[in-house]
Amino acid sequence: MEIAFRKADSLKNHPDQSSLGFGTIFTDYMFNMDYNPDQGWHNPRIEPYGPMEMDPSTIVLHYGQTIFEGLKAYRTESGAVQLFRPMDNIKRFNQSGDKLCIPPVDEEFVLHALVELLKVEKDWIPSAPGTSLYIRPTIVATDPYVGLRVSQTYRFFIILSPVGAYYPEGFNPVKIWVTSKYVRAVRGGLGEAKTAANYAASLYATEMAHKEGYTQVMWLDGVELKYVEEVGSMNIFFIIGDELITPMLNGSILAGVTRNSVMTLARSWGMKVTERKISIDEVYAANEKGELKEIFGSGTAAVISPVGHMKFDGTEITIGDGGVGPVSARLFKELMDIQYGKAGDPFGWTVPVA
Ligand code: COI
């Protein structure tokens, strides 16, 4: 399929790279493509970034039939641009789509479309340390219909946002609030899909966490409220003794690309890495015994986010000395060095763009 291009009448001023924050600034262009049962995915085009007109009855607005992804483009020291594991995100996009009854996209074509969009927008990719271009591919159901059923038509779009750190804390440790009352997802539900419903389900408890001075919520399983699942925008890791532990994928946890990269890196150092069920009681018991060394989250937006404090059932614990642990620091550095092309790429994770 040929990708059409429609030129913008005027271009935006680029932001100050020293104060980017996350997710508020968008580039000049976006990619769009439509779906209907007769034509399949069609009319791929790069056009000026702007609002989408929708009938007030549009299915996505009422029933949340939508999926999205999050990945980043990085500017290397030589000025080149590269993506980090883009095919893993695109594959997961289709896996999420399967759960939401959204027709699959051609994965190679989506990568091609993304690369074409990035070539147009390459001047938007920031170069200041710790900055990148966040990429948000999304599909929304577009039938104008308020009955509950699967949509027949869809819009696929990719928008781009120059970003700095996701949390105001940057790489400094965050405070996590564990809830044994609210749940994000249950077995058999949508937990492993990257879809709006999971994030909507997280808002109420996250507001409560914020009111208590915590950055994010750590979710326990939706059946027994006992086993750790994930944190609002990240997967979660624990170092107990000399073992790196992360909750195993069980259908209600997002299979994070950064999660997988963390495990691969740590294993390459010879570290024992285990994916298994881990209860909140085990975490607190390990802390009592002095065996809980570090906790950190992983995600595309958050990268590696050390956890300094955690509160569960009224008891707050300090992880290590409350600062950044050595494994978190090493993972952060090695991951960023690969993403920014400062180190070799032993796992073949990066894809050059321009
Ligand atoms: C990401 O890390 O890319 C996400 O999609 C999480 C989102 C809450 C920003």
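What follows draws every value from the coordinates through simple rules; no lab data is involved. It should be emphasised that the depicted structure is a prediction, and the values quoted were computed from it without experimental measurement. As a convention, Cβ positions derive from the backbone with ideal geometry for all residues, glycine included, and neighbour counts pool all protein chains shown.
Only helical runs count toward this figure. For the chain, summing -39,500 (n - 2.57) over DSSP H runs of n ≥ 4 and dividing by all residues gives -7500 deg cm²/dmol at 222 nm.
A simple spin-label model places pseudo-atoms 7 Å from Cα toward Cβ; at MET248 and ARG267 they are separated by 1.5 nm.
For the stretch 289-328 versus the stretch 118-151, the inter-centroid distance based on Cα atoms is 31 Å. The length gained by stretching the chain between HIS112 and LYS289 to full extension, at 0.36 nm per residue less their Cα-Cα distance, is 58.5 nm.
Under the combined filter of DSSP loop state and at most 16 neighbouring Cβ atoms within 10 Å, the stretch 94-179 retains these trypsin sites (Lys or Arg not before Pro): ARG149.
The peptide list 300-306, 314-320, put in order of mean Cβ contacts within 10 Å with the highest first, becomes 300-306, 314-320. Remark: spin-label model distance SER19-ALA128 equals 0.9 nm, labels positioned 7 Å along the Cα→Cβ axis.
For VAL303, enumerate residues with amide H under 5 Å from its amide H, sequence gap 5+ or separate chain, H modeled in the peptide plane. Result for VAL303 returns nothing. For the chain, hydrophobic long helices are taken as DSSP H runs at least 18 Å long by C-alpha position along their axis with mean Kyte-Doolittle hydropathy of 1.6 or more; none is present.
If the chain linking HIS62 and GLU275 were pulled fully straight, counting 0.36 nm for each residue of separation and taking away their Cα-Cα distance, it would gain 73.0 nm. Post the alpha-carbon centroid distance, the stretch 41-88 to the stretch 160-210, in whole angstrom. Rounded to whole Å, the Cα centres lie 20 Å apart.
Which part of the stretch 31-74 falls in the paramagnetic zone of GLN152, meaning amide N under 13 Å from the point 7 Å along Cα-to-beta-carbon? Of the residues in the stretch 31-74, 36-40 have backbone N under 13 Å from the label point off GLN152. Test of understanding: extend the Cα→C-beta vector of LEU225 to 7 Å, then name every residue of the stretch 147-189 with backbone N under 12 Å from that spot. The answer is 179-184. Extension gain, ALA343 to GLU212, is 43.1 nm, computed as 0.36 nm per intervening residue step minus the present C-alpha separation. Here the Karplus relation 6.51 cos²θ - 1.76 cosθ + 1.60, evaluated at θ = phi - 60°, turns the backbone of the stretch 28-37 into coupling constants of 6, 10, 9, 9, 10, 7, 10, 10, 9, x Hz, with x for every Gly and Pro.
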